[in-house]
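Below is one structure, written out as structure tokens; the observations come after it.
The values are calculated or read from the model by the stated rules, or taken from the named source; none is laboratory data. If you're wondering where the values come from, they're calculated on a predicted model, not measured in any experiment. Cβ placement follows ideal geometry from the backbone for every residue including glycine, while neighbour counts extend to all protein chains displayed. Surface accessibility is based on the protein's heavy atoms, side chains included, excluding ligands, DNA and RNA. Shrake-Rupley method; radii C 1.70, N 1.55, O 1.52, S 1.80 Å.
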Amino acid sequence: MRSLLIGFAAGVCCLQWQANLPGRMGCLLLLAAWLAIILLLIRTPHYWKRVLLWLVGGVVSGFLWAALCAHHYLADELPSELEGRDIVLTGTVSSLPFHFPQGERFNFAVESAQVDGRAEPRVPPHVVLSWYAASRITHAAPEAVQPGERWQLTVRMKKPHGNANPFGFDYEAWLLEQHLRATGTVHGQAQAGMPADRDTDEIADADSQANRKLADFVWSFNNVVERMRAWMRDRILAALPDKQYAGVIVALVIGDERGVGQSDWKVFNNSGIDHLIAISGLHITLIAGLAARIAYALWARSFFTRAELPLLLPAHKVAALTAVLVGFTYVLLAGFSIPAQRTLYMLTVVGAAIWLGRIASVSHVACVALGVVLLLDPWAVLWPGFWLSFACVAIILFAVVGRVNAKADHDAGRLQHWWTWIKTESRTQLALTFGLVPVTMLLFGKISVISPVANAIAIPVMSFVVTPTALLGSVLPAPLSGWVLNADHGLIELLVRVLNWLTMLPAAVWMAPIPPSWIFLCALFGTAWLLAPRGLPLRWFGFAGWIPLLLNGATHPQAGQMWVTAFDVGQGMAVLVETPHHRLLYDTGPAYSPEANGGNRVIVPYLQARGIARLDGMVISHNDNDHSGGALSIFAEIPVDWVASSLAFDSNIVRAAPNHLRCVAGQQWDWDGVHFEVLQPAASSYLSTKYKTNAHSCTLRASLGSQALLLPGDIEAVQEAELVEGMPDKLPATVLLAPHHGSGTSSTLPFLQTVKPQVAVFQVGYRNRFHHPKPAVFARYGELGIARLRSDEAGAIGLRFGGELSFSEYRKDQPRYWYAR
């Protein structure tokens, strides 16, 4: 059984790393192979041959199952011809809405769809919608939608699409896992072509007809659960108005982590307690165990009556059933996260073993949980939570189970019993601390050195005090709920103060580049040797396996080379230029929301995963959000030696920037044989008020021998003409970052003929509202024989200068079957 389940997991993993799914014939061949393995198992009596066959059969069945699931859900994708069109949807709000300053976002279960008054059956059954406050004219919509409500909404949708960058979050894979095959925004008739001279009341009336609530609640199991989660969240937030850590309590009670601020996540991650800021396996086990103890005590005493209930059903079976039911309820509140699922399935297997009177080994329980998780969610293997969750179980199985000192029995006294428990828990925590080092470095590129101390403090507070009382406080009547929840909030505040102090200690977090496969395997082998039983000689020699991990350094260009990475930040610009010993960032991408931007979502994760600890320089071309939106987040995470920009001196970015200087034509410097020169703007242009900020874009040229890169920001036709007339000899470049994302006001023919690029890079968002690049402009590049690369199609684009120019496209270098949709 264990061989089958481990093989099943391996087969699922193998499928998720494929560029293409097997077709119908491929699936039939896999099914035939699986049937052949079954026949061989029937005829093979040899134990080890049967183990091998079970393992291979598991691989085949896992691969086939994951492929069938992928085919099934990918078939629901929104057709291309429906993208951007007004579609009237009728359906129910099927998830807990996420509220943000601009509006709210929620999943929508589609019951029917109409396009131009005709039924449209090709709309996916589940979509995710954003409803922005700007589209809610007067009484067109309530303040917030609620789970379970039935609505008629006019929406515009597009296929699932996300930014594709090395070491970045794969939004498209996440949408596929959630079975959401389209994303969209809610619009009303007022935004769908209604004349501008209509008055506000008339617009509101029309909008309310297009977007209106049809029912307050539609009964279904999912809707009941989601409405309960919303009710509990509302109670918590009402009891803790404007409290900084209210979102943490919401996360502990219902698993909704979206209300936790980025600055708080930074503290939790750096202290290594982020696994506690959610409904974790530890919390579920604790709550289920507490409920089981209470049920056992009451049932064994027949609820203090003379009913003699244990004669009808043994108390230990009642306790097991209670633990499973309470665990299931709590996991429902958590939204079925991976750690929660793993714990629930383990509880269920143990509970079944108790009811059936069978002994279940820990390894069998873990393998069954592994198989069930992947059976229900084959995409779970794509996320760090899956690997960390089951890695913890594997480490405990390998390093702790079966090694507990059993010399002290119950007669040794309570003090000896507690001392044995403390030693066991300490040994487990130590094994987890060392055992997770290779996996954590592979997934995140950093380790919290203070994690053992932080967890020793946080686990008793969060798991034994805050979580149970927060659950109680969320259902108690007022004012009791307010008293309990405010007390919990005060404990969290004190805990965060301690964690803040710990994270400020020198070397609190060890960061290094994400290791290549061979370094990870060396560290994994060394860790296994280190945690092996005492009988194995020279266990300390396992630290030798960590040496490559400790010495792993950031990669960089060789002498005579220049590397350039054009990030996929959506509709915005962000380009990293690397020389052998220096790194410069040109623009920082857009701000997506008050908490998220191109800096903390794309650029910082990339730099940290590469082991790039500082930037030698940063150029922010101008003040538009899509170029400067991520600057403050980068300043907060990565040291920057100097910043050059065309921003006003009273800008928040300029105030926060270290060693700021203003971009002026003629500035130049040399790094490792690469010559950098600012071509625009002229100093006098800052005195003029007739131009938009685009006209002040810092235009930077980086040249290495006969090759050059031209970064013009958002300059427009006037500035292009000035450059062509004033410095035509400095414009030729091998690679051109398309000015203003390929807008109709830039990329004039004289400018392109003067630059003469071999390659043009367009940093644009998928189906962006500006329709960049303009078709005529994009065609102009092609007519001149210029190779064109688009970030919305290619993902992040890598360029290598020095010798022959080469370029790479992330979506082609790291292909996945969901990218081709």
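Below is a table of values for the structure above.
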read-out: LYS692 paired with VAL465, simple spin-label distance in nm, labels 7 Å along Cα-to-beta-carbon; value: 5.6
read-out: Value of [θ]222 nm, deg cm²/dmol, for the chain, DSSP H segments ≥ 4, -39500 (n - 2.57) each, nearest 500; value: -13500 deg cm²/dmol
read-out: Label point at PHE543 placed 7 Å out along Cα→Cβ; residues across segment 490-528 whose backbone nitrogen lies under 17 Å; value: 523-528
read-out: Förster-model FRET efficiency, 45 Å R0, GLU637 and ASN20, C-beta, rounded to 0.05; value: 0.75
read-out: Length gained when the stretch HIS72-LEU356 is fully extended (0.36 nm per residue, less Cα-Cα span); value: 98.6 nm
read-out: FRET E, pair ALA297, TRP219, Förster distance 60 Å, beta-carbon r, rounded to 0.05; value: 0.95
read-out: Dipole-positive endmost among TRP421, GLN814, LEU313 within the chain (Cβ charges, Cα centre); value: LEU313
read-out: Gain in span if fully extended, ALA10 to GLN758, counting 0.36 nm per residue against the direct Cα distance; value: 264.9 nm
read-out: Relative contact order of segment 1-115, defined on C-alpha pairs under 8 angstrom at six or more residues apart (%); value: 29
read-out: Solitary cysteines of the chain, where the nearest other Cys Cβ is not under 4.7 Å; value: CYS13, CYS14, CYS27, CYS69, CYS367, CYS392, CYS522
read-out: Rel. contact order, % - alpha carbon contacts under 8 angstrom, at least six apart, segment 565-662; value: 24
read-out: Cα gyration tensor shape for segment 623-706, rounded if a/c is under 1.5, else prolate or oblate; value: oblate
read-out: Within the accessible area of the chain (1.4 Å probe), percent carbon and sulfur; value: 62
read-out: The chain: DSSP helices with Cα axial extent of at least 30 Å and average Kyte-Doolittle hydropathy no lower than -0.5; value: 47-74, 480-503
read-out: Relative packing of peptides 769-779, 59-69 - highest average C-beta neighbours within 10 Å first; value: 59-69, 769-779
read-out: Charge dipole (debye, nearest 20) of the chain; +1 at Cβ of Lys and Arg, -1 at Cβ of Asp and Glu; value: 3120
read-out: Cα-derived Rg to Rh of the chain, Kirkwood definition; value: 0.99
read-out: Three-way shape call for segment 407-532 based on the alpha-carbon gyration tensor, with the a/c threshold at 1.5; value: oblate
read-out: Per residue accessible area of the chain, 1.4 Å probe, in Å²; value: 47
read-out: Between segment 354-395 and segment 641-677, the Cα center-to-center distance that results, in Å; value: 52
read-out: Tensor-based shape of segment 1-51 (alpha-carbon gyration tensor, a/c under 1.5 rounded, otherwise prolate or oblate); value: oblate
read-out: Coordinate range along principal axes, alpha carbons of segment 706-757, Å, largest first; value: 30, 21, 16
read-out: Options PRO513, LEU180, ILE294, ranked by Cα towards positive dipole end of the chain, top entry (Cβ charges); value: ILE294
read-out: Estimated dipole of segment 518-644 in Debye, rounded to 20 [Cβ of Lys and Arg +1, of Asp and Glu -1, Cα centre]; value: 800
read-out: Inter-label distance for PHE98 and SER426, nm, one decimal - labels placed 7 Å from Cα along Cα-to-Cβ; value: 4.2
read-out: Modelled FRET efficiency - R0 41 Å, GLU308 with ILE396, Cβ distances, 0.05 increments; value: 0.55
read-out: Extension reserve of the PHE336-ARG50 stretch, reckoned as 0.36 nm per residue once the Cα distance is removed; value: 99.5 nm
read-out: Whole-number percent relative contact order across the chain, with pairs defined as alpha carbons under 8 Å at least 6 apart; value: 9
read-out: VAL115 paired with HIS675, simple spin-label distance in nm, labels 7 Å along Cα-to-beta-carbon; value: 5.5
read-out: Net dipole in debye of segment 664-774 [+1 Lys, Arg Cβ; -1 Asp, Glu Cβ; about Cα centre; nearest 20]; value: 500
read-out: Segment 11-108, Cα convex hull volume normalised per residue, Å³; value: 194
read-out: Accessible-area value, GLU81, 1.4 Å probe, nucleic acids and ligands omitted, Å²; value: 100
